[in-house]
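Here's the structure we're looking at; comments come further down.
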Amino acid sequence: MFSTDDTIVAVATAAGHSGVGLVRVSGPAAAAVGCGLARRTAPWPARRAVRTLVAASDLTADALVTFFPGPASYTGDDVLEVSAHGSPVILAAIVRRAIELGARPARPGEFTLRAFLRGKVDLVQAEAVRDLVAAVSPAQVRAATAQLDGSLSAALVEQAEALRRLETLLEASMDFPDEGYRFIEPAEVHAALARVGEQMARLVATGGRGQLVRDGARVVIAGVPNVGKSSVFNALVGADRAIVTPIAGTTRDIVSERMVIDGALVVLADTAGLRDGVDRVEAEGVRRASGAVESADVVVLVLDGSREILDEERALLRSLDGRPAIVARNKADLPCAWAAGDGVVGALPVSAVAGDGVAALGRAIARAVAGLSGGDGEAVVVTNERHRVLLARALARVRHAAAELGASGHQLPEEFVVADIRAGLAALEEVTGRRTADTLLDEIFAGFCIGK
Amino acid sequence: MGLCTLSTATIGTMPCNPAVGGTAKGQLVREIDALGGLMGLAIDATGIQFKVLNQSRGPAVWAPRAQADKQRYARWMAERLAHAPGITIVEGQVARLMLNGQTVTGVLLVDGRTFRGKAVVVTTGTFLNGIIHVGDDRRPAGRVGEPPSVHLGEHLRALGFTVGRLKTGTPPRLSRASIDFDRAVSAGVFHVEHGDEPSVPLSFLTEDAPSNTVVCWKLHSSTESHGAVRRHIARSPLYNGQIQGIGPRYCPSFEDKVMRFPDRDRHLVHLEPEGLDVDEIYVNGMSMSLPEDVQREVIASLPGLESARVLRPGYAVEYDFVQPTELRHTLETRRIGRLFLAGQINGTSGYEEAAGQGLLAGVNAALAVEGRPAFVVGRHEGYLGVMVDDLVSRGCLEPYRLFTSRAEHRLHLRADNADLRLTERGREIGLVGDARWDAFQARRARLTRNRDTLRRVSVMAPSGARVTAEDALKWQEVTAGTLLEGGIALEHAAAGGFDLATLQTEIKYGGYLRRQDAEMRRALHAEFQRIPDDFVYRGLSGLSAELVQRLEEVRPESLGQASRIPGMTPAATVLLNAVLSRKSAEKTG
Ligand SMILES: Cc1cc2nc3c(=O)[nH]c(=O)nc-3n(C[C@H](O)[C@H](O)[C@H](O)COP(=O)(O)OP(=O)(O)OC[C@H]3O[C@@H](n4cnc5c(N)ncnc54)[C@H](O)[C@@H]3O)c2cc1C
Ligand SMILES: Nc1nc2c(ncn2[C@@H]2O[C@H](COP(=O)(O)OP(=O)(O)O)[C@@H](O)[C@H]2O)c(=O)[nH]1
Ligand SMILES: [Mg+2]
C-alpha cells in the first residue's frame, strides 16, 4: 500500500467542464500548500471560506479557499479545499502548483481511505461514499445515504453487541466453574441467538432487494413475433437518454440495455428469438426467450392491437398471472381490432412507431419496479455483495449454534457455541472493518475515483 | 547453574491454595509437562485428590486439577532439585545485579558474596518490597513469616524499570481437629466432595492413575457471615485505603464478594485439607485481609464452623512487579541484556503461570548463552504462548491469570493434546529426554492406528444400516468408550484416557477444529510480518500520541502482536502495515 502520512491533492469534482470545480488537499502540508497557492503568509482561519486569488503556473484564478484543521476534517488530516471556476485547465494548473508546493497526486479513493484509517468512517461508510458517487438511480442514492449515515453500521453493531454479551456470559461460566452456577442458561443462550439470527436474516434477506437497487431490475419484453417488441424496446431506449451501460445479453439473441426509466434502474431485455424462429432454430429461440421471461423481475407483454388476440397469446397472459407484469397494446396508431369484451383489461395503448404511450409505459415499468423493492419497509437495505456474503456467513454460524442448542436430547458444549459466536462476530466485524485484511482495503479503495 | 533463594527450606512452598491445575491452568501444567517440566510429575506423586473440572462442558475446557499434600509436594521438588546435575543451590539475598554496560554479568548478595553468570533469571514472587496486611496490622514480609527483599526492588527501579504495585490475598487456615465434619454433613450443611474415579493424572508420563486419599467439603456462606463483613468493612485494609496495590478482579477476596455482589445471599466455600498428616484446612473462597478478630467472627458464623479454630488468619500481600511490556517474548528484558524475569514479578499470579514462565525464561537464558535461536511458543501452540504474548503486549493492570477465554484458538489448546502440540518442539532443543520421547512417539503411533481402525471398521446404526466407526463416533450418544465396549479394538495405553480423548474430540468436533485451523493459518500471516526493533512510530500521522507511546513501550515484534496492543484499532494496524511494507519495499528496491 501507499504512504498515508504525506500530503495528497486531487480534483474532487467530476472530470469535464462544470460551473465550479473543487481541488482538495489533505495532509500535514495542506495549510502550507494553501499559503503557496494564495501567496499568503497569515494562517488560515478554521472552516471559513476565504475569497482570494490563487496563482497557478501562468494562470491566476479567483477562488474560495477553506481550511479544515485535523482531526475534525473529512480525512482527519489538515484539509484544504479550493473552489474555483470549473475549467479543467484551471483546476489542473492548481493541482500542478500544489504538487510543486509539496503535495503528491492522490490515488483513487485515497481521501476516503485516510478517513477510514483515521477512524472517521467505518468501512461500510467508506464504501457508501464510492456507491454514492457511482449512483445512477434514486434508490441507489437512498441506499448509499443510509449506509453513509451509519444506519447499516448501527444495525451491525447492535448485533455484534448482542453476540459479545453472550460470549462474555458463556466464558464466565466456563472460566469460573467453582462458582457452581452458570452465568447464563442454555435456553437463554438459545433464545438470544435465535433473536440475533432473526435480525440478521432480515438484513440478509434485503440483499435480494439490494441487488435490484445495485444492478437494476430485469425487465423483459415478451410476446409473439411481429407484435412490435423490438420497436417498443427501441422506443423505450430512445425515449430515455439516461443509458448507463449497454451490457451484452445473456444469450446472443437477447438484447438488453441497462438504463434508468423514470428513476428506476432497470436492465431492459428484448427477446428477439421468438420472431426469427421459422425453422428448427425456433425451438431453441423460444426456449431462451421463455427462460428470460422466467427469470424476469417485471415482464412487459406486447400484444398487437391491430389484429385479434391469438390463442398462444392468451396462454402467455395466463402464465403471467400473479407476477409483476404490464400488458401493452401496441400499434395503437392503427384501428383497434379487438372485439368488445374480448380485449385485455388494463392494457396500455402504445404506438412504438408514433411514440404515443411510450412515456406512460415507462412510468408503469418504474412503478412495477418500485413495487418490487418497496413494500416490506425494512429501513436498511444491504446493497453491497461483500456485506451480503459476510452477513450470510455470520448468520450461518449463529443459526448453527442456535440449532444445536435448540435440538432436544443433547447440547453442544459451550466452548463450541462460543466458537460459532466468535466466528459470527468476526464476520460482522469484517463488514464494518473492525477486523480487516489489508488486501481487502486495497480492493475496496481501488473501486473509487480520484478525489474521493 | 546457581539457584539463589532466601531460604532453601521454602523451595516448593505453596503459600496459597495447595492445589495444582484448574481451568486453563490444568492445560498449562500439561504443556509444562510436555516440555519436560516437573510440575505434573510432582503433583501426581504427591496429590491427594484429583478431579477434572468442567466435565459437564466440552473437551477444550476440561481441566485437570489436583489437591496437593503441600509438605510432600515441597519435599519432592526439593529432592529433585538437590539431585539435579549441574545445579548449585545458594541461600542468600540478592541485593543487586552486576552489569557490564547494558548486559548483566552476575549478582551481588546482601552479605557481599558475588556470583558471576552469563545470564540471570529473576523470580522474586511476592517478595519485592512485600507488605502483608491483616486488618490494620501491616508489616514488611514476602510471605507470612518471611522477610521481604527491599534492595533488589529499589535496584530495579533505579535501573529504570517500570515498577508497579499489585496485591493478592490468602484465606485463613482452620484446624481440622476442631471441626465436626460428620455432624455438619448429616445436618446437611456440608457436602462431601470426592475425587474422580478413576482419577486423571496431570503428567503424560504417569502410568498409573494416582489415588484419591482425602475428601473435601463444600458449604455456603450465610447471611450472618455477610453481615459480619459489612459491620467491620471499615477495618478492612482493602476498603480503608491502606492497600494501594490492585488485586485480581477474578479472584476476589471475601469482603469484595460481599460488598460487590450485595444481591447474592450466599457464596460457595470449599474446605480442603492441606495434606495427609497436617491439621490445616484451607478455606477456599474466603481470602480475607480483615483484622484477625473479625476473621474469627466471620468463620464462626459459617454453618458447621461454629467452633472451628483459626490456626492462621488470612492476609493480603502487596508487592512490586515489573511491567511485563519491558520484556521480549523470550522473557528477556529489553533494557538489560541477558536479564530474564519470570513469575509473579511479571504481574502474574498462580503457581502454574509462574512455572510456565520459569521454564521459558530458563530455556531462553540457556539458549542465549549457547548462542542458539530463541524458543518462543506461539499463541496457536499453547497457553504458554498466549500468556507470554498477553503479558508482553498488554502489560498488567491487575494480577494476570490464565483463562481459556484468553486463547483465540482454544479448541486446539486442549489438555489432552498438549504433548502433540509441544513435545516435538521440546525435543528439538533438548528439553525432552529419551523416556518421554519414546512414550510420546508410541502414543502418536497409537493415535494414527486408532484413526485407521475407526475408518476401517463398520458398526450397525440404529436404523440397521452399517456405517464406519468414524461416522458413528460423530453421533452425540456414541463415545470412544462405547465403541471400545462394543468390541472395537482401540488402543489406549496412556493413563488418564488421553488416547481416547484426543481421538474422540478430533472426530466429534472435526468441523470446528478444521475451521479453527484455517483461522490459525490466517492469523499466522500477521505474526510473520516482523517489525524492526528500531522502528520509529513518532511522526506517523494517524496514530494518536497515546498509541505511539504504547507502541514505543511494548515495541511489538510483529504486526500480529501490534494488533493486540490495547488501543490498537484495525485501521491503525492497516496503517502500520502500509508503512512497514513501504519501508521494506524501499529497502529491497
Ligand atoms: C499471600 C499469597 C496469596 C496468593 N494468592 C494466590 C491466589 O489467590 N491465586 C493464585 O493463583 N496464586 C496466589 N498466590 C500466588 C502464587 O503463590 C504465586 O503466583 C507463585 O507461587 C509465584 O511463583 P514465583 O516463582 O513467581 O515466586 P515465589 O513462589 O513467591 O518464589 C519467590 C522466590 O524468590 C526468592 N527471593 C525473593 N527475593 C529474593 C532475593 N532478593 N534474593 C534471593 N531470593 C529471593 C524467595 O525466597 C522465593 O523462593 C498467592 C501467593 C501469596 C504469597
Ligand atoms: N403501425 C405500427 N407498426 C408497428 C408498430 N410497432 C411495430 N410495428 C411494425 O411491426 C413489425 C414488427 O415489428 P418488430 O418490432 O420487429 O416486432 P417483434 O418481432 O415483436 O420484435 C414491423 O414491421 C414494425 O414496423 C406500431 O406501433 N405501429
Ligand atoms: Mg424483435
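The values are calculated or read from the model by the stated rules, or taken from the named source; none is laboratory data. Keep in mind that this is a model prediction, so the values were computed, not measured. Backbone-built Cβ (ideal geometry, glycine too); neighbour counts: all protein chains shown. SASA here: full protein model, heavy atoms, side chains in, ligands and nucleic acids out. Shrake-Rupley method; radii C 1.70, N 1.55, O 1.52, S 1.80 Å.
In debye, nearest 20: dipole of chain B around its Cα centre with unit charges on the Cβ of K, R (+) and D, E (-)? Spell out each step's value before the answer.
Details: 71 positive and 68 negative charges, 306 e Å.
Value, rounded to 20: 1480 debye.
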Per-residue HN-Hα couplings for segment B:120-129 [Karplus 6.51, -1.76, 1.60; θ = phi - 60°; Hz; x = Gly/Pro]:
10, 10, 9, 9, 8, x, 8, 8, 5, 6
Most to least accessible of B:MET288, B:MET77 (protein chains only, probe 1.4 Å)
B:MET77, B:MET288
With a 1.4 Å probe, what is the total accessible area buried between chains A and B, in Å² rounded to the nearest 100?
3200 Å²
Computed FRET value (nearest 0.05) for B:VAL90 with B:ARG521, which takes r as the C-beta separation and R₀ as 51 Å
0.65
So if I average 1/r over every pair of distinct C-alpha atoms in the protein assembly as shown and take the inverse, what Kirkwood radius in Å does that give?
34.4 Å
Suppose we compare each residue of segment B:258-274 in its chain alone and in the full protein complex with a 1.4 Å probe; which ones drop by at least 30 Å² of accessible area?
B:ARG264, B:LEU268
Once you put a point 7 Å from the Cα of A:ALA201 and another 7 Å from the Cα of B:ARG230, both along the Cβ direction, what distance in nm separates them?
4.7 nm
Which whole-Hz ³J(HN,Hα) couplings does segment A:164-175 yield from phi under the Karplus relation 6.51 cos²θ - 1.76 cosθ + 1.60, θ = phi - 60°, glycine and proline marked x?
5, 5, 4, 4, 4, 5, 5, 4, 4, 4, 6, 7
Looking at the protein assembly as shown only, what percent of DSSP beta bridges run antiparallel? Nearest 5 please.
75 percent
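Using the beta-carbon distance between B:ASP208 and B:MET98 and R0 = 60 Å, what value does 1/(1 + (r/R0)^6) give for FRET efficiency, to the nearest 0.05?
Details: r = 48 Å, r/R0 = 0.79.
Working from the Cβ atoms, E equals 0.80.
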Please report, ordered by residue number, every helix of chain B (full DSSP H runs) that is 18 Å or longer along its axis going by C-alpha atoms and whose mean Kyte-Doolittle hydropathy reaches -1.0.
B:351-369, B:570-588
Using DSSP to define loop residues, name the GluC sites (Glu not before Pro) in segment B:434-530 whose beta-carbon has at most 12 other beta-carbon atoms within 10 Å.
B:GLU477
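For chain B, calculate the relative contact order in percent as a whole number, restricting contacts to Cα pairs under 8 Å that are 6 or more residues apart. Show your work: numbers first, answer last.
Values: 1129 pairs, mean separation 97.5, N = 589.
The normalised contact order for chain B reaches 17 percent.
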Once the dipole of chain B is set up with Lys and Arg at +1 and Asp and Glu at -1 on Cβ about the Cα centre, which of B:ALA60, B:LEU543, B:GLY511 lies farthest towards its positive end?
B:LEU543
Where both residues lie in chain B, what percent of DSSP beta bridges are antiparallel, nearest 5?
85 percent
How do the peptides B:121-130, B:172-181 rank, highest first, by the average count of neighbouring beta carbon atoms within 10 Å per residue?
B:121-130, B:172-181
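Strictly over 31 Å apart at the Cα level, which of A:LYS229/A:LYS452; B:LYS25/B:LYS257; B:LYS70/B:LYS218; B:LYS167/B:LYS218 would you flag in this model?
Working: A:LYS229/A:LYS452 42 Å; B:LYS25/B:LYS257 23 Å; B:LYS70/B:LYS218 20 Å; B:LYS167/B:LYS218 27 Å.
Going by Cα-Cα distance, A:LYS229/A:LYS452 fall outside the 31 Å limit.
Could you work out the helix-only [θ] at 222 nm for chain B, with each DSSP H run of four or more residues adding -39,500 (n - 2.57) and the total divided by the number of residues, to the nearest 500 deg cm²/dmol?
Working: 19 runs with 210 residues, N = 589.
It lands at -11000 deg cm²/dmol.
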If the only charges are +1 at each Lys and Arg Cβ and -1 at each Asp and Glu Cβ, what is the size of the charge dipole of segment B:433-514 around the Cα centre, to the nearest 20 debye?
240 debye
I'd like the Karplus ³J(HN,Hα) series for segment A:391-404: coefficients 6.51, -1.76, 1.60, θ = phi - 60°, whole numbers in Hz, and an x wherever there's a Gly or Pro.
4, 5, 5, 4, 4, 4, 5, 5, 5, 4, 4, 4, 5, 5
Regression test value, accessible area per residue of chain B, probe 1.4 Å, units Å², expected 41 Å²
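Rounded to the nearest 0.05, what FRET efficiency is calculated for B:VAL467 and B:ALA374 with R0 set to 51 Å and r the Cβ-Cβ distance? Before the final figure, lay out the partial values.
Numbers: r = 48 Å, r/R0 = 0.95.
After rounding to 0.05, the efficiency reads 0.60.
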